[in-house]
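For reference, the structure discussed in these notes is given below.
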Amino acid sequence: MSRDLFTYQNNELYFADAKLSDIPAIKNYQEPVLVYQKSLISERITWVKSWTKLKQLHFAMKSNYHPEILKLFKDAGCGLDVVSLGEIKHGLECGFKPSDFIFSGVAKTIPEIEFAIDNQIFQINVESPAELRRISDIASKKNKKVSVGLRVNPLIETPTHPYISTALKDSKFGIDLEAVPECLDIIKKNPLVEFKCLSFHIGSQILDPLVFKESVEKMKTYFLDLKKQFSTLTRFDVGGGLGIDYKSHDLIADFDRWNNLKAAYDESLKNFDADILSELGRFIVARSAVFICQVQYIKNKNMLVLDLGMNNNMRPSLYQAHHHFYNLKKNSSNQVNYSLVGPICESSDVFHRSFPLFETKEMDLLVMADCGAYVRSMASNYNLKNIAQEIFI
Ligand code: LLP
């Protein structure tokens with residue numbers, strides 16, 4: 001059984017149940033626009049929350065920080081995983097409470113840590129002994145308690161792009177296992193620092209559930225050892241990282257992917273007594289948006305020069321990421337391989353070197369799939385191009 005996110009009916013493209021060409025911003029197209037279907041997010045929040053072992057989902061705000069999207073998570077009772085003072089303040093403005101935040105990131109500054117401690121956020125995930133020393137000093141100076149997680153690097157081989165793997169040797173992320181004892185000494189010396197959580201995040205866009213299972217098994221043993229010394233240690237944060245298949249849009253396959261991961265986790269965590277936290281981002285929001293763009297020129301016969309560029313979606317130029325394209329209208333049954341390039345003055349502003357589309361003309365509209373995660377949140381005004389408007393169906 002399959003359920004395709006994109007279908008053609010009478011040669012018109014539908015995104016979930018919406019006929020894209022009926023949307024006013026597309027009918028009167030001016031410039032690239034990002035179109036969201038919130039129901040696709042709500043559905044996935046429900047999938048994740050149905051995992052009975054999960055104590056709390058802390059959505060990774062870096063993947064998408066649109067207030068309307070954050071509201072879906074807030075209304076579902078989720079927390080946030082944040083990585084800067086900017087993200088904490090934005091989350092607070094969107095109605096989240098200090099007790100909703102896990103604060104991650106490798107270079108937390110003094111003002112950021114002070115703000116987190118003053119506001120008594122739920123947990124700071126520490127990334128190095130040096131950072132923990134700083135947190136401990138600030139807590140002492142303020143005479144305020146702070147809850148910390150130690151984010152360790154479990155050193156797992158992750159089948160993903162090296163730019164989004166975080167469990168490699170010499171990674172800047174997480175505490176090396178050999179450095180954990182140094183952290184434990186700092187914690188033991190300061191009663192204001194409560195060691196609450198063991199945390200790990202092995203990377204992003206990982207599809208194989210067995211990789212997650214391997215990391216959980218390794219960290220579970222480690223957790224149980226630490227727990228003998230620290231009765232405060234009650235939380236086990238498995239990070240985020242579950243990916244989607246950018247080359248296929250079968251929603252049933254996504255559901256199966258989630259269930260396979262859940263089953264792998266459940267098998268590893270049988271009889272394991274801890275509050276399980278998750279920091280998923282991409283898997284929940286990536287499918288929820290499409291970019292609409294226009295072919296400006298056709299060059300060298302098969303090169304489509306678009307008005308949409310890497311400033312609005314950096315992923316292909318940064319990680320050679322694949323984003324599928326569709327014709328908004330199918331004007332021919334003839335398929336042609338095109339290269340698709342953007343308007344930005346960089347040779348890497350290329351989405352595809354060869355991608356099959358139905359025969360396409362200048363000024364035709366195209367649809368780029370899976371733009372809900374790490375697309376708008378990474379956009380820039382480079383070349384003083386506009387950051388695209390976002391609309392919700
Ligand atoms: N937790 C931590 C500590 C993280 O660093 C990340 C992502 C997540 C959770 C969420 O991971 P997710 O479930 O979304 O895979 N810009 C890249 C992805 C960078 C991921 C950074 N960290 C991309 O476009 O593929």
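Within the stretch 228-244, how many residues turn out to be under 14 Å from the mean Cα position of the chain (by Cα) and of a type in the set (Asp, Glu)? Total satisfying the criteria: 0. Taking first residues from the stretch 143-158 that are more than 13 Å from Leu132 (Cβ to Cβ) and in the same structural domain as Glu182 (by TED's automatic domain parsing) and partners that are assigned to a loop (DSSP other than H, G, I, E, B) and hydroxyl-bearing (Ser, Thr, Tyr), the Cβ contacts under 6 Å between residues at least 6 apart in sequence or on separate chains come to Asn153/Ser171. When the stretch 267-314 is examined, which residues are found to be away from the ligand (no atom under 16 Å from the Cβ) and more than 26 Å from Leu328 (Cβ to Cβ)? Listed by number, the residues that qualify are Glu267, Ser268, Leu269, Lys270, Asn271, Phe272, Asp273, Ala274, Asp275. Of all residues assigned to the stretch 237-252, at least one qualifies as being outside any strand (DSSP E or B), farther than 20 Å from Ile202 by Cβ and without any contact (Cβ under 8 Å) to a residue 40 or more places away in the chain.
Is it true that some residue in the stretch 137-149 is closer than 30 Å to Arg315 by Cβ and either part of a loop (DSSP other than H, G, I, E, B) or touching a strand residue (DSSP E or B) at 6+ places or on another chain (Cβ under 7 Å) (or both)? Yes: the stretch 137-149 contains one or more residues that are closer than 30 Å to Arg315 by Cβ and either part of a loop (DSSP other than H, G, I, E, B) or touching a strand residue (DSSP E or B) at 6+ places or on another chain (Cβ under 7 Å) (or both).
Filtering Phe236, Phe223, Phe195 for residues that are among the aromatic types (Phe, Trp, Tyr), surrounded by 16 or more Cβ atoms within 10 Å (Cβ to Cβ) and within 17 Å of Leu280 (Cα to Cα) leaves a single hit, Phe236. Being in contact with a Pro (Cβ under 8 Å, 6 or more places away or on another chain) and not in a loop (DSSP other than H, G, I, E, B) is the filter; apply it to the stretch 196-218 and report the residue that is farthest from the ligand (Cβ to nearest atom). If we take residues in the stretch 196-218 being in contact with a Pro (Cβ under 8 Å, 6 or more places away or on another chain) and not in a loop (DSSP other than H, G, I, E, B), then Lys218 is farthest from the ligand (Cβ to nearest atom). Does any residue of the stretch 345-361 turn out to be touching a residue at least 40 places away in the same chain (Cβ under 8 Å), within 16 Å of the ligand (Cβ to nearest atom) and touching a His at 6+ places or on another chain (Cβ under 7 Å)? The answer is yes; a qualifying residue exists.
Which residues, counting only those in the stretch 150-195, are in a strand (DSSP E or B), among the hydrophobic types (A, V, I, L, M, F, W, C) and within 16 Å of the ligand (Cβ to nearest atom)? Leu150, Val152, Ile175 - these are the residues of the stretch 150-195 that are in a strand (DSSP E or B), among the hydrophobic types (A, V, I, L, M, F, W, C) and within 16 Å of the ligand (Cβ to nearest atom). Given the condition within 16 Å of the ligand (Cβ to nearest atom) and within 18 Å of Ala60 (Cα to Cα), answer yes or no: does some residue in the stretch 219-236 qualify? There is at least one residue in the stretch 219-236 that is within 16 Å of the ligand (Cβ to nearest atom) and within 18 Å of Ala60 (Cα to Cα). Looking across the stretch 119-164, the residues that are among the hydroxyl-bearing types (Ser, Thr, Tyr) and either more than 24 Å from the chain's Cα centre (by Cα) or farther than 26 Å from Gln205 by Cβ (or both) come down to Ser136, Ser140, Ser147.
The values are calculated or read from the model by the stated rules, or taken from the named source; none is laboratory data. On a predicted model such as this, the values are computed, not experimentally measured, just so you know. Note: ideal-geometry Cβ built from the backbone for every residue, glycine included; neighbour counts use all protein chains shown.
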